[in-house]
């Protein structure tokens, strides 16, 4: 057996095609949901059969061995197709096992891609490029393996996509992934898939807490959530979500003052949040690794939304060189935007606000509104504002005066940018000791 044969399971490929030929009504939706593409099949004959089945499905015509053979004859394809059709059709199969065999051929296709990347990488060792740059490129390509959808965009598909968004809005009252706070949701209308929402604040103003509060809500609502935490460790993330869910005081827990009842509630909440479909990475990553992680986890876990905390502390990539920090952040913003669109996920990108957006502590309360943060205060880059579909600025409520030393801080969520939607402010309350954000209204 050759090395190439080890990376091929022709029986599994025939099984998948046989399921389609025998029971397309059940098999095709499964394969489409899994985003099956021709590259998952190891030879051109199987690839051509899959493409014929896709073409019949797109035209809403019956899919069986006779229809596929008829289409193959019209296209004057290779006689090898008819031989494989007969082999696949004659195999014994159980439609319930199709996902198992699809995962086999998908995994082997991934390994074939990995082999090709490693082979190409070895050829670079004799070049003038540095070892670190070569290893980074190989790692980037290995983590960047992604199979694009092959479904053709037709006029009918465009109309159907647009109307499906209308139907979703009509049914749920919003399009996208909803915020947990009704008052903010009424402004945003949901985090949109394929779009970036910017969440910006000065340090220690609650942007990480806001992201984690939203993450737990989304996880409990059945959404698949990714968290790329470049500042906070994974354990602390789950600890924060559990404390917020249980309503306990983390400050008391750290000082050993938590009573036994609250400790039990915290432990129970911790067990629950760990089981949620929330996938966390707390590794230090450069922009290439972040993009790769989004691609990989979107394919593996079908992510709906990703939170990135936060853009200014993304690690430098040795193979990328920028003239300024502003240019670097601009590049990061563009790459995150592309990864968001390519994977059809919603992304909430956290960002710092420059000191120019900080309210001076000694200003009179009546004058504090003059100094609240604006979009142009986003740290190091105007590209963040340009690339974002939505932008929410977080800051202390200027009507409340100086907040220094307070555990419960009245805040403002300022929806400063919202394409195709309203902007405006929402009044919130940040409980620092409980890592909880709540609305300051009974109806919000």
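The values are calculated or read from the model by the stated rules, or taken from the named source; none is laboratory data. Owing to the predicted nature of the structure, the values given are computational and were not obtained by experimental measurement. Neighbour counts are summed over all protein chains in view; Cβ atoms, including those assigned to glycine, are modelled from backbone coordinates with ideal geometry.
Observations
- Among residues of region 233-253 that are on the phi > 0 side of the Ramachandran plot, those with a Cβ under 8 angstrom from a residue that is surrounded by fewer than 21 Cβ atoms within 10 Å (Cβ to Cβ) and in a helix (DSSP H, G or I), sequence gap 6+ or separate chain, pair up as 247/265.
- Checking each residue in region 355-377 for being crowded, with 19+ Cβ neighbours inside 10 Å and over 24 Å from residue 400 (Cβ atoms) picks out no residue at all.
- Those residues of region 22-36 which are under 14 Å from residue 103 (Cβ atoms) and either in contact (Cβ under 8 Å) with a residue 40 or more places away in the chain or not assigned by TED's automatic domain parsing to the domain that holds residue 90 (or both), in sequence order: 30, 31, 34, 35, 36
Residue by residue, here is whether (1) farther than 19 Å from residue 427 by Cα; (2) part of a strand (DSSP E or B); (3) assigned by TED's automatic domain parsing to the domain that holds residue 386 holds:
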site: 198; (1), (2), (3): no, yes, yes
site: 204; (1), (2), (3): no, no, yes
site: 210; (1), (2), (3): no, no, yes
site: 216; (1), (2), (3): yes, no, yes
site: 227; (1), (2), (3): yes, yes, yes
site: 239; (1), (2), (3): yes, no, yes
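- A count restricted to region 214-226 and to residues that are out of contact with any helix residue (DSSP H, G or I) (no Cβ under 6 Å at 6 or more places or on another chain) and crowded, with 23+ Cβ neighbours inside 10 Å stands at 3.
- Qualifying residue in region 273-285 (condition: in contact (Cβ under 8 Å) with a residue 40 or more places away in the chain, more than 19 Å from residue 240 (Cβ to Cβ) and either crowded, with 21+ Cβ neighbours inside 10 Å or outside the structural domain of residue 136 (by TED's automatic domain parsing) (or both)): yes
- Residue match in region 259-271 (condition: surrounded by fewer than 21 Cβ atoms within 10 Å (Cβ to Cβ), touching a helix residue (DSSP H, G or I) at 6+ places or on another chain (Cβ under 9 Å) and not in a helix (DSSP H, G or I)): yes
Table: residues versus (1) free of Cβ contacts under 8 Å to residues at least 40 places away in the same chain; (2) farther than 25 Å from residue 188 by Cβ; (3) not in a loop (DSSP other than H, G, I, E, B).
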position: 300; (1), (2), (3): yes, yes, yes
position: 319; (1), (2), (3): no, yes, no
position: 327; (1), (2), (3): yes, yes, yes
position: 349; (1), (2), (3): no, no, yes
position: 384; (1), (2), (3): no, no, yes
position: 393; (1), (2), (3): no, no, yes
position: 399; (1), (2), (3): yes, no, yes
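- Considering only residues in region 184-208 that are in contact with a strand residue (DSSP E or B) (Cβ under 6 Å, 6 or more places away or on another chain) and surrounded by fewer than 22 Cβ atoms within 10 Å (Cβ to Cβ), the one that is nearest to residue 244 (Cα to Cα) turns out to be 184.
- The set of residues in region 296-352 that are closer than 17 Å to residue 218 by Cα and surrounded by fewer than 17 Cβ atoms within 10 Å (Cβ to Cβ) comprises 301, 302, 344.
- Residue 426 being touching a residue at least 40 places away in the same chain (Cβ under 8 Å), in contact with a helix residue (DSSP H, G or I) (Cβ under 7 Å, 6 or more places away or on another chain), farther than 18 Å from residue 310 by Cβ and not in a loop (DSSP other than H, G, I, E, B): yes
- Residue match in region 370-377 (condition: at pLDDT below 80 and assigned by TED's automatic domain parsing to the domain that holds residue 252): yes
- Residues that are in a helix (DSSP H, G or I) and modelled with pLDDT of 85 or more within region 1-10 comprise just one, 10.
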